[in-house]
Amino acid sequence: MDRRGFMSGGTAGLALLLVGKKMPWVLGDPAYAAKPVRRNTIDFTITDALKDMVTHNSLNTAQCYFWVYKEASFAADCPAPLIFATSGDTMFFNITNALTEPHALFIPGPPGQPPMFDSGPIAPGQTISRKVKVGPAGSYLYYDNLNAPVNRMMGLHGALVVMPRKAAPGQRFTPYDNPTPAVQRLFNELGTAHWPGLAWEQGDPNHATFAPPFRQYIWVLHQPSSHLFAEVGQFAQQNPGQLFPAQSFIDALHNEAFVPAGTWGGSRKSDYFTINGQSGHFAHNNPYLCPNLRVGEPCVIRVLNAGMQMHSIHIHCNHQYVLSYEGQQRDNLWWVDTASARPMGGFEWLNPYMRSPDVPNVLGIGRADLSPGLPTLATDGHLTWPPTEELNTFIPPVGTMAGGVDISVRLSPLCFPMHDHCEPSQTAQGGNYNCGMISGMNITGDRTLPGGVVTFPNEGHIGHGPMRTGLAAPEMKGPA
């Protein structure tokens, strides 16, 4: 196969393209790995690249061939850069096809509406220039819709997040231009006595606790097959201009038998399962994928499934409010710990970042402790918040030395997993468990300052003002 580029398998998050000047809060958000590039013209080259996967090391070659949308400002990667725009903005695409068969870029509209953008077929060697008016607000998968699902699955996909231009008068911001009453009511409650802490659009003055406004994470799900993708690449090189048979591609992923354990080598089933191109340790311990926030700092998680397999995403610690499912806002909100993303589907949910149910307090699950003292467990008198028992526990014990270095690790912050209930996705390379589609949520403290009072200035929205939220947790600086 023709390897025009190479993608590192490191721990980066999605490269970010910022359209327009209406989202300065993005620039200080630690959820995005690379410094955002602000531009209204997006220059894509459709090309190919090879990537080290999660199980790649000096003893085991584990690489996968991809087709990619390479943006001029960033190195090649799969998925393509995250694009942030504001509803009503105009952006421009320059797209060059450097591969040997026709390709395209397609952005669907909301359910039942025309596409937001459709480049049509771009011939090998051809460059096209188009403009698109962005909107409405929501989460969109952009992808190559030709020879479906081959081109999209081979890596030609990325995420577009469209933010609303403004909130309705007297209302909190939501992720939508015209939120349903149920969604608007939920976001109005954030930062009030019902959900003490911050509203979604609120951050800390001067980022005192590293809490940016509009906290959100984008999870693009995918299921690469190193053997099948290599076969497609070889076919394209040997048969310029011809399309790999789509039905053969589907049959290989869906119908080919798994090989027995210990005999891996030929199956064309998906052997990697990724979130934003990462999996295993590189996803679960990635601050650009895994929220690192304090109690009272709610965030939105946008899930888009670029693959051909359903994924049932489950987060421990908090239940999530499903705001939108497959592009359709909810009239009656689901409060769930698991939601399923069908192929080419997805959902948006709100993680309220409440106290974990196994850390009790006098006001009950999810509520800040308003009492002047801390609640105790009747059995042994240990404090339940701050979680001093966890914060003061080290494994192995402090002082355990190896090579002259203390290798003890503090059990802090409180870490909770996210995994897919479609269990094969938890493996990599045909059986390496816990190297698949995983992430999590981490609680790095509470939204309190010494004395227990946090006051936020009135910014013309409802719900601000003094609040009593309990005693301060041990100081823990924000995401590393």
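Quick notes on this structure:
- Taken as a whole, the condition of being at pLDDT 95 or above, buried (at least 22 other Cβ atoms within 10 Å of the Cβ) and either more than 30 Å from PRO102 (Cα to Cα) or over 22 Å from the mean Cα position of the chain (by Cα) (or both) does not apply to THR180.
- When the strands (runs of 3 or more DSSP E) confined to segment 36-115 are screened for residues that are touching a residue at least 24 places away in the same chain (Cβ under 8 Å) and basic (Lys, Arg), none reaches at least 3 such residues.
- Restricting attention to segment 185-202 and to residues that are of a type in the set (A, V, I, L, M) and in a loop (DSSP other than H, G, I, E, B), the residue that is modelled with the lowest pLDDT turns out to be ALA193.
- Within segment 221-237, residues that are more than 19 Å from ALA306 (Cα to Cα) and in contact (Cβ under 8 Å) with a residue 24 or more places away in the chain have Cβ atoms under 6 Å from residues that are surrounded by fewer than 21 Cβ atoms within 10 Å (Cβ to Cβ) and charged (D, E, K, R) in these pairs: GLN237/ASP2, counting only partners at least 6 apart in sequence or on another chain.
- Pair list, Cβ < 9 Å and 6+ apart or interchain, from segment 334-356 residues that are without any contact (Cβ under 8 Å) to a residue 12 or more places away in the chain and closer than 19 Å to GLN216 by Cβ to residues that are among the charged types (D, E, K, R) and not in a loop (DSSP other than H, G, I, E, B): none
Yes or no, residue by residue, for (1) under 30 Å from THR174 (Cβ atoms); (2) among the aromatic types (Phe, Trp, Tyr); (3) in contact with a Leu (Cβ under 9 Å, 6 or more places away or on another chain):
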{"residue": "ASP52", "(1), (2), (3)": "no, no, no"}
{"residue": "ASN60", "(1), (2), (3)": "no, no, no"}
{"residue": "VAL68", "(1), (2), (3)": "no, no, yes"}
{"residue": "ALA80", "(1), (2), (3)": "yes, no, yes"}
{"residue": "SER87", "(1), (2), (3)": "yes, no, no"}
{"residue": "PRO124", "(1), (2), (3)": "no, no, yes"}
{"residue": "TYR142", "(1), (2), (3)": "yes, yes, yes"}
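- Scope segment 110-135; condition buried (at least 16 other Cβ atoms within 10 Å of the Cβ) and either within 16 Å of ALA159 (Cβ to Cβ) or hydrophobic (A, V, I, L, M, F, W, C) (or both); matching residues: PRO110, MET116, PHE117, ILE122, ILE128, VAL132, VAL134, GLY135
- Positions within segment 291-318 being in a loop (DSSP other than H, G, I, E, B), farther than 19 Å from THR444 by Cβ and within 17 Å of the chain's Cα centre (by Cα), in sequence order: ALA306, GLY307, MET310
- Of all residues in segment 325-358 being in a loop (DSSP other than H, G, I, E, B) and either among the aromatic types (Phe, Trp, Tyr) or crowded, with 18+ Cβ neighbours inside 10 Å (or both), the one that is modelled with the highest pLDDT: MET344
- Scope segment 116-153; condition farther than 18 Å from VAL303 by Cβ, assigned to a helix (DSSP H, G or I) and among the hydrophobic types (A, V, I, L, M, F, W, C); matching residues: VAL150
- In segment 397-408, the residues that are touching a residue at least 12 places away in the same chain (Cβ under 8 Å) reach residues that are among the hydrophobic types (A, V, I, L, M, F, W, C) with C-beta atoms within less than 9 angstrom, at least six apart or across chains, in these pairs: SER408/PHE394; SER408/ILE395; SER408/VAL398.
- Of the residues making up segment 203-223, just one is of a type in the set (Ser, Thr, Tyr) and modelled with pLDDT under 90, namely THR209.
The values are calculated or read from the model by the stated rules, or taken from the named source; none is laboratory data. The structure displayed is predicted, hence computed values, not measured ones. Cβ: placed from backbone, ideal geometry, glycine included. Neighbour counts: every protein chain shown.
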